[in-house]
Each structure stands twice: as structure tokens, then as C-alpha cells.
């Protein structure tokens, strides 16, 4: 892949600086973390030791020490780089990294360290505790429509349907093969090797059904009580909320909460389900590209999910917070808060609604800085998806 994401410049600049921090590159599977790090290391011109812990059986902490020692031996007068991929899969990884990093700091070794892994799992397993003050994070979200368009020449409609997995791009002319790739290499691998392997899940089958439910109902508000009605052996609402958090951490499906001006109240609301990559929506839906385009309601739901994914990935990178708003029979699709500003976004598509647009009611209650209509006679869907979020602030 010759295309270089904007984060390439950021990481290359950090590797060119004197050794200060452990560089942590995080994000979902198959978004180009490894490729980006390899590109940045190549541009640094330093000896590199690259090792991956992404194996079916978990490695031990001694493996980190072995790789670290090899990297030390390869250093030249300018230093060297150690890259550990999927490091969060190693038990006790953070304590081992801390010990070795502190040893190098005392001895004034110039070895630079880059860790790769899925963001929330990595953060929850040691960064904030063992490695406090020693790291900085660079998060890579799913590829945007602008990136897929620039790298592969896709139209916006193709970006909406096929989503943002660069590895799937060569397969879209054979849609049966594309679906198998997304289901087997992305969905199943993420569930089995990133979620079930690293987290306690008492009901794996329920987790998988929860994922499928999130895809089918993407863009819709669904209470946990209604989810229990849709799922067999669903347990309680706490279990479903936990599984939704795990799916969100893996970059698959998340839930937006109701905007109420108070975070505590928002977290207590029913979630609006949202796929983080519309490829997941399409692969589960069994629609082909041409069929989806002709079905106005389905395409409307898919378009709203594409807008939601665009916002959710910006939120995952720390650019904003995303909510929805609904009061009685009035609804605002997305509420975005960033830089002390508030934006209400309504997506005009073909999907049937059981509520009325609520922009005016929301404006009276919360006085947003901007009200934005996407689609119809508002901002074109193409313009919105191809633009960085900061444009609208």
C-alpha cells in the first residue's frame, strides 16, 4: 500500500525527535497500523527490530525482554527502533516494558520504542498505571471516505457501501468474495482474537448476536430491554451494556447516548446503535451494491450510518463527543460537541421514521452553535463525508 495516511507525518516527526516517550499506535484491526509504522520507520533511517505478538497462543513477558535485547544490539550511534505489534496480548506486558524502558533511561540508551495494539484494550491494561508519564498515543481510526477515495478512486456511494477497510478494496468487483473477506478475516478474527481472547465473556454466542444486532439496527435507538426481546439467552441489561462496550473497544459497533447537557444523565439513556465501519453493515445485510442503491429506505439507513461512522471515528480520535437527542416524537440524529461548540446534525435520507425532526425543539432547549442538514437541500452527503469534521466548527 503506497498511500500514506496523515498520521504518517505525525509519527515520522516523533521518531525524528530525541527519545522522550514510548510511542503507542492504536486502532481497530486492518486500518493500516503496521503499514504506517513500517513506513515511518523506513523514513527514520535507523536500525529497526520488528516483532509481533499476534499469535493464536499468548506469549510470555520474557518474549518482550528478548526482542528488546535484540533491538539494543542493533542500535548504532544514532540509536534504533523497537516495534512490538499487538503487545496487549502479552500478560504483564506493561510492567516489563516499564522495567526495560527505565533501564535504558538510566543508561542513556537511545533506543526508541513503538507499541501497536487495539486502543481501549491497550490503555486498560497498563498504560495509565505502569507507564504513566512515559508514553504518548497516536490513534488510527477506520479509513474515511476521503482516504478511500484518494487511495482507490472510489465514488462516495462506493465508500458508503463498502466502508473503510483498505485490504478489502481489491475485492469489491467480486462481492461474494468481498463479503467472505469481511466476515472471515475481519469480523470473525476481531471477535475471536481481539475480544474473546482478551476479555472475560461468559456468553460468546450472545456477544456475536449482539454484534449482528448492532449492524442490523445501526442508526436506530434501541433500549436494552428491547435488545433482550431480540436476543435469546440475553441475560440482563448490564451484560448487554458490557458487551456493547467490548464491541466498541474493538472498533466494531458502538452506542451513542442521549444528549442532556449532563454526561451522567446521557450514560443512563438507551443507546443509538452505530457501526464504526459501514462495511460491517453491508456484509451482514446480504444486499449487493446495486440492490442497496435501488432500495431507498435501506440506502437511507446506510447513508445515516456512514455519517454516524464518520462522526464516531472522529470521536475515537479525541476530536469530539457524539450524542443523539430525542424527546417524545422529536429527534435529532446527531449532536456533536467539540471546542466548546455544539452542532446539531440531521441526515435527510430515504429511511422511514417514527418520529419528527426535532431541530427547532433542540435549538430552543440547548441553543447550539450550528444546525446542519446533511442531504436533500442541505450540505451534500458527498461534501460532508469527504470533509474533515473541523470544517463544520
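The values are calculated or read from the model by the stated rules, or taken from the named source; none is laboratory data. From a predicted model like this one, the values you see are computed outputs, not experimental measurements. Methodologically, a virtual Cβ is constructed for each residue, glycine included, from the backbone with ideal geometry; neighbour enumeration extends over all protein chains shown.
The figures follow:
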| item | result |
| --- | --- |
| Residue in the range 172-182 that is touching a residue at least 12 places away in the same chain (Cβ under 8 Å) and out of contact with any helix residue (DSSP H, G or I) (no Cβ under 7 Å at 6 or more places or on another chain) present | no |
| Checking residue 216 against (1) crowded, with 19+ Cβ neighbours inside 10 Å; (2) closer than 20 Å to residue 142 by Cβ, the condition it does not meet | (1) |
| Number of the exception - residue 159 against (1) assigned to a helix (DSSP H, G or I); (2) touching a residue at least 40 places away in the same chain (Cβ under 8 Å); (3) under 23 Å from residue 11 (Cβ atoms) | (3) |
| Boolean, residue 100 is part of a helix (DSSP H, G or I) and surrounded by fewer than 19 Cβ atoms within 10 Å (Cβ to Cβ) | no |
| Tally, over the range 370-392, of residues that are out of contact with any helix residue (DSSP H, G or I) (no Cβ under 6 Å at 6 or more places or on another chain), assigned to a loop (DSSP other than H, G, I, E, B) and surrounded by 15 or more Cβ atoms within 10 Å (Cβ to Cβ) | 2 |
| Per-region count, the range 75-89, residues out of contact with any strand residue (DSSP E or B) (no Cβ under 9 Å at 6 or more places or on another chain), assigned to a loop (DSSP other than H, G, I, E, B) and over 29 Å from residue 3 (Cβ atoms) | 1 |
| Wholly within the range 230-342, helices (runs of 4 or more DSSP H) carrying at least 1 residues that are more than 24 Å from residue 30 (Cβ to Cβ) | 237-249, 263-267, 289-294, 296-316 |
| All positions within the range 148-164 that are crowded, with 21+ Cβ neighbours inside 10 Å and over 18 Å from residue 218 (Cβ atoms) | 148 |
| Residue ID - modelled with the highest pLDDT, chosen from residues in the range 274-300 that are within 20 Å of the chain's Cα centre (by Cα) and farther than 14 Å from residue 164 by Cα | 274 |
| Members of the range 110-147 found to be surrounded by 18 or more Cβ atoms within 10 Å (Cβ to Cβ), more than 15 Å from residue 100 (Cα to Cα) and modelled with pLDDT of 95 or more, listed by number | 142, 143, 144, 145, 147 |
